[in-house]
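Right, one structure below, let's go through it.
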Amino acid sequence: MHDQDAGLRERLVQVGVDLVAQEGTQALSLREIARRAGVSHGAPRRYFPTHLALLSAIAGEGFADLARKIAEEAGDHRAGPRDRLMVLGRSYLDFARNHRGMFELMFRHDLLESNQLGLRETSLPLFRFLVDLVARALPEPGAEPAVVAGALWANLHGIAQLWGWGSLQLATGVDDVEPLLRAALAAHLGPVDR
């Protein structure tokens, strides 16, 4: 790929990242991305044979951003695994709140299932990091760390979605996700004093 081609490909992805941040996933049409990138509406097809391929590249940027955030914030090996899981959970919930459109795009099943542009290779290391921390935080041997991590992730994702919609605040009366995060960890790992 020539430098000019790589530059336009990167620009199309960056325009998509900016567009999803400003207007959400519904704005991510090939035509709108091309328009905002200042190219013909057919130009994206030169680099992305399908709309799904372009959306996958944009979602890949979201996973990379989330991975950097989690590595920076939860990567402190001096802290215990449970404390690191709290930090990871906060990072995940903050990302969901601050990047709602990208968060929605990243977890579209059709993108993950298609594995366009190796999206699974971008997303699965995050899950493996979670599994590793859960394995070290589990109080009792015999529990399957990947299953517990999957349940915890589903719980965090549900908190993120329901918090974003305002449902949890209404139902629980809390105005901060911290108690919900602590409850999720206790539900999956047991109480702190164990």
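No lab work stands behind these numbers, since they all come straight from the coordinates. All of these numbers come straight from a predicted model, not from anything done at the bench. For neighbour counting, all protein chains shown are included, and Cβ atoms are generated from backbone atoms with ideal geometry for every residue, glycine included.
Taking the condition surrounded by fewer than 18 Cβ atoms within 10 Å (Cβ to Cβ), touching a residue at least 12 places away in the same chain (Cβ under 8 Å), over 16 Å from the mean Cα position of the chain (by Cα) and closer than 30 Å to Leu162 by Cβ, does Glu73 pass? Break it down into steps so the answer makes sense when it comes.
Details: surrounded by fewer than 18 Cβ atoms within 10 Å (Cβ to Cβ): yes; touching a residue at least 12 places away in the same chain (Cβ under 8 Å): yes; over 16 Å from the mean Cα position of the chain (by Cα): no; closer than 30 Å to Leu162 by Cβ: yes.
It is false that Glu73 is surrounded by fewer than 18 Cβ atoms within 10 Å (Cβ to Cβ), touching a residue at least 12 places away in the same chain (Cβ under 8 Å), over 16 Å from the mean Cα position of the chain (by Cα) and closer than 30 Å to Leu162 by Cβ.
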* Structure fact -> Taking region 24-44 and keeping residues surrounded by fewer than 16 Cβ atoms within 10 Å (Cβ to Cβ), part of a helix (DSSP H, G or I) and of a type in the set (Gly, Ala, Ser) leaves Ala27
* Asked: Does Val87 count as part of a helix (DSSP H, G or I) and not small (Gly, Ala, Ser)?
  -> yes
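Being basic (Lys, Arg), on the phi < 0 side of the Ramachandran plot and in contact with an Asp or Glu (Cβ under 8 Å, 6 or more places away or on another chain), is that true of even one residue in region 84-101? Before the answer, list the steps.
First, the residues of region 84-101 that are basic (Lys, Arg): 84, 90, 97, 100.
This time we only want the ones that are on the phi < 0 side of the Ramachandran plot, so: 84, 90, 97, 100.
Right, trim to in contact with an Asp or Glu (Cβ under 8 Å, 6 or more places away or on another chain) and you get 84, 90.
So far as region 84-101 goes, yes, one or more of its residues are basic (Lys, Arg), on the phi < 0 side of the Ramachandran plot and in contact with an Asp or Glu (Cβ under 8 Å, 6 or more places away or on another chain).
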* Give the residues of region 45-64 that are surrounded by fewer than 16 Cβ atoms within 10 Å (Cβ to Cβ) and closer than 16 Å to Glu121 by Cβ, sorted by residue number. => Ala64
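Listed here are the residues, each with its yes/no results for (1) of a type in the set (S, T, N, Q); (2) assigned to a helix (DSSP H, G or I); (3) surrounded by fewer than 20 Cβ atoms within 10 Å (Cβ to Cβ).
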| site | (1), (2), (3) |
| --- | --- |
| Leu119 | no, yes, no |
| Pro125 | no, yes, yes |
| Leu133 | no, yes, no |
| Arg136 | no, yes, yes |
| Ala146 | no, yes, yes |
| Gly150 | no, yes, yes |
| Ile159 | no, yes, no |
| Leu170 | no, yes, yes |
| Val174 | no, no, yes |
* Asked: How many of the residues making up region 87-102 are in contact (Cβ under 8 Å) with a residue 60 or more places away in the chain and crowded, with 19+ Cβ neighbours inside 10 Å?
  -> 7
